[in-house]
Amino acid sequence: MSITKETVVERLKTVNGPDFTGNIVDLGMVSEIFIADSKVFFSITVPAARAPEMEPLRAAAERVVKAIPGVAGAVVALTAEKKGGGMEAPVPSRPAPRPAPPAAAPRAAPHAPASQSHGKRGVPGIEAIIAVASGKGGVGKSTTAVNLALGLAANGLRVGVLDADIYGPSMPRLLNIHGRPQTVDGKILKPMENYGLKVMSMGFLVDEETPMIWRGPMVMSALTQMLREVEWGRLDVLVVDMPPGTGDAQLTMAQQVPLAGAVIVSTPQDLALIDARKGLNMFKKVDVPLLGIVENMSYFLAPDTGKRYDIFGHGGARREAERLGVTFLGEVPLEMGIRESSDAGTPVVASKPDGAEAKIYRDIASKVWDRVNEERGAAEAAVPNIVFE
């Protein structure tokens, strides 16, 4: 069944605005509505000062849209940003206090400040979550992430991959996975699978050519759903392929998800390392352990002569790791086979498990997992023993 924006708007007009004054459409609170593959995406603008109490309103809007015949899902985010297109219309001021709707009280708890440690809610069944990040694009972060995940799996762990790059998801192509994820009871998504990995990506939900023109809050909402509304099952580790840079998505993941640590991917040249430092510093500021640095495209071996060429320089990431006191995880060469296997959806760790490049990734995976266990041990040692006498 075809879903139109007009149908969505009509349903949203049944949702009361703040303090039961008007409806959220006529009050100019609803953003541009985006529909892709039977899924509806939009945000609701609310006053920043009242955002914590607006969760019932957001939930009501999501509920009425999901009830439209043919709608497979809805991503609805709250935003306090002022945008054009009527959204700058003022929301009515709060009148004299009145009894709160019964559903409002239980929903207030999730809005504790993300900076508080107790605000980092774990994902049931997942023992550790690792972020793979870079300060800039084009350094081979996604290829590193997928081969790291396969290396962890080859070392005997149960592994999942979350493709958190909403604007440029890579995992469907890197892992040669096609089709749409199924749902459990129409709400919880089942992850896609290949090469022994459980995988979730926006690329499974939206066509590859569809542009994702979203605001930060909508990206945050989509990330939250892909992380927490997926039937991951029991995993030893979830590898999160982060978007490049240090924007809202990275900061929100770092602040709201209990990350076991972060792996930074960089190439050897100074320009990439400058951006890599930004990623390192961001994770430091939000108290996420730094598991180490990978130097990707570290060197090139000529296939005919075996001669080594340091095309982007060499050793920059190692020196940076030493300077910062961070573990250097390894060097990955600029190798045609890695690029070709990635483009073909047959990552080198899976397609050539006995090759030299696969061994490099497995060694990096071993070092990463050792660092995760070190950080766990340090965290447990830091917890004081309370003895009652």
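Calculated FRET efficiency, Asn155 and Glu10, Cβ-Cβ r, R0 45 Å, to nearest 0.05?
Here the calculated transfer efficiency is 0.25.
Going from most exposed to least, what order do His178, His314 have by accessible area with a 1.4 Å probe?
Ranked list, largest accessible area first: His178, His314.
If I take every Cα pair under 8 Å that is 6 or more residues apart in the stretch 280-389, average their sequence separation and divide by the length, what percent do I get for the relative contact order?
Relative contact order of the stretch 280-389: 23 percent.
Exactly which trypsin sites (Lys or Arg not before Pro) in the stretch 297-330 are in a DSSP loop and have at most 16 other Cβ atoms within 10 Å? If you can, show how the numbers build up before the last one.
Values: sites: Lys307, Arg308, Arg318, Arg319, Arg323; in loops: Lys307.
Here the sparse-neighbourhood loop sites are Lys307.
Evaluate the distance, in nm, between pseudo-label points positioned 7 Å from the Cα of Ser366 and of Ile188 along their respective Cα→Cβ axes.
Here the modelled spin labels are 3.6 nm apart.
Along Cα→Cβ, 7 Å out, is where each label goes; now give me the distance between the ones at Arg234 and Glu127 in nm to one decimal.
The answer from the label model is 1.0 nm.
Determine, from the Cβ-Cβ distance of Tyr309 and Ala381 and an R0 of 51 Å, the FRET efficiency 1/(1 + (r/R0)^6), rounded to the nearest 0.05.
That gives a FRET efficiency of 0.65.
Within the stretch 1-83, which trypsin sites (Lys or Arg not before Pro) sit in a loop by DSSP and count at most 12 neighbouring Cβ atoms inside 10 Å? Mind dumping the intermediate values first?
Working: sites: Lys5, Arg11, Lys13, Lys39, Arg50, Arg58, Arg63, Lys66, Lys82, Lys83; in loops: Lys13, Lys82, Lys83.
Those that pass, being in a loop and sparsely packed, are Lys82.
State the extension gain, in nm to one decimal, for the chain segment bounded by Lys352 and Ala51, taking 0.36 nm per residue of separation less the distance between their alpha-carbons.
Value of the extension gain: 103.2 nm.
Rounded to a whole number, what % of the accessible area of the stretch 1-72 do carbon and sulfur atoms account for, probe 1.4 Å?
55 percent
The values are calculated or read from the model by the stated rules, or taken from the named source; none is laboratory data. Predicted model only: the values in this text are computed from it and were never measured. Every residue, glycine among them, receives a Cβ derived from its backbone with ideal geometry; neighbour counts consider all protein chains shown. For accessibility, only protein heavy atoms count, side chains too; no ligands or nucleic acids. Shrake-Rupley method; radii C 1.70, N 1.55, O 1.52, S 1.80 Å.
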